[in-house]
Amino acid sequence: MKEMLIVSKFTIKDMIKRKSFIVSNIIFLLIILVGTNIPRILEAFNSDDENSRLLIVDNDNLLGESLSALSDNKDLRYEISFSSGEFLKSDAQEALDNDEYDEIISFKLDGNKIMFEDYQTDMNLSSTNTEVVVNQITSIYYNKKLVDLGLTSKQLEDLDVGFELNNNYLSNSDSGNSTFAMMMFSIVLFYAVFFCASQVSSSVTTEKTSKIIESLTTSTSPKNIVLGKTLGVGVTGLIQLVVLLGFGIICAKMFLPSEILSGVINLSSINFAVWVIIILYFVLGYALFALIFALTGSLVQKPEDIQSANSPVSMLSVFAFYLAYFSMMNPKSSVSVFASLFPFSSPFNMPSRYMLGIANVWDVVISIGLLIVMCVIIGFISVKVYSNAILNYGSKFSLKDIGKYLKQR
């Protein structure tokens, strides 16, 4: 045990001192900081923008002074001018060429339809505000018609009813049942587990090709080496995950507007139990993939071969991730249940299901039990093969060789 901890301590120090580790963490922190400030940045840019100049032309003078109500709508982000009388396309062309306006909207009555014409020179202008203006003019026209029919102002107010849809998800969780939040948790855990685990493979291969492993094996057993390196990389990755998640939550609370944050996820739902489950699945998911990567790293003869050796493990992890990821679209489906129990995908699926109240404690216990059993099996295979293959610098290994190593005592 002591020797395993020594190897683990050495691995942690080696990883933390790497420039790639330091630079990548700085980049991740900057991405989180900038990402949570994007709404503020966009708001700052929008506040500096000048309102577009809009001319509204009432060809048939249908609305008269009623159009002036549009000037009071500050959300339109237009400096609005009004005109009436016949307005032709050539008139719009001349006004735009002389830079009198940025956009012109004219309308007239054609039978029982109101025909709108929108003139602008910049094709990049958003049509969102234009649609709002058209809807506002249509509403003014209807109100004027209702007044002409003799309705009182009180009756007009009764007809002016707003509509609002509130989505309510009745479950044991107050997290907002956000599919987006579930998917984000799966993505974070996948990258944390996968990239930390893949470091074990590169570390094992580097030491093997540099012959450092020969000195290590004379001081301790291969079992202590593989478990110590797995533990060291895992502790480093866990600390990194906690720091990044903690920093992300702090930045989200400090910089993101409350309405955006509450629309994505209610952070109060991430209680102590959820944190324990997230960390537990990270540790077990990492252990599972790290032991497999340690196995592939010990079988590689040269560092340039490590990518091809890791390809089957990478494909398995990506398949498991996408199985968990797409099952989030219907978290109560049988596919999602399978993904939460399947050991290779459960680390990316079960924490979100529990956070949303879809999975109960016994579901988590069964899932963790299956994951632990798979870790023990993979760990046994990895240690056996690692012990026999780590000092072999000869020909490439085959599945037959691996089977032979498993049979040896």
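Using 0.36 nm per residue of separation minus the Cα-Cα distance, give me the extension gain between Asp305 and Asn360 in nm, one decimal.
15.4 nm
So, R0 is 56 Å and r is the distance between the beta-carbons of Leu238 and Arg77; what FRET efficiency does that work out to, to 0.05?
Taking R0 as 56 Å, the efficiency between Leu238 and Arg77 is 0.70.
Please find the FRET efficiency linking Ser221 to Lys17, where r is the Cβ-Cβ separation and R0 is fixed at 35 Å, and quote it to the nearest 0.05. Mind showing how you got there, number by number?
Working: r = 26 Å, r/R0 = 0.74.
E(calc), rounded to 0.05, equals 0.85.
Determine, from the Cβ-Cβ distance of Ile372 and Ile38 and an R0 of 60 Å, the FRET efficiency 1/(1 + (r/R0)^6), rounded to the nearest 0.05. Numbers along the way, then the final one.
Working: r = 40 Å, r/R0 = 0.67.
After rounding, the FRET efficiency stands at 0.90.
Every read-out reported here was derived from the displayed coordinates using simple, explicitly stated rules and does not represent laboratory data. Computed from a prediction, not measured in an experiment: that's the story for all the values here. Every residue, glycine as well, gets a Cβ built from its backbone with ideal geometry; the counts of neighbours run over all protein chains shown.
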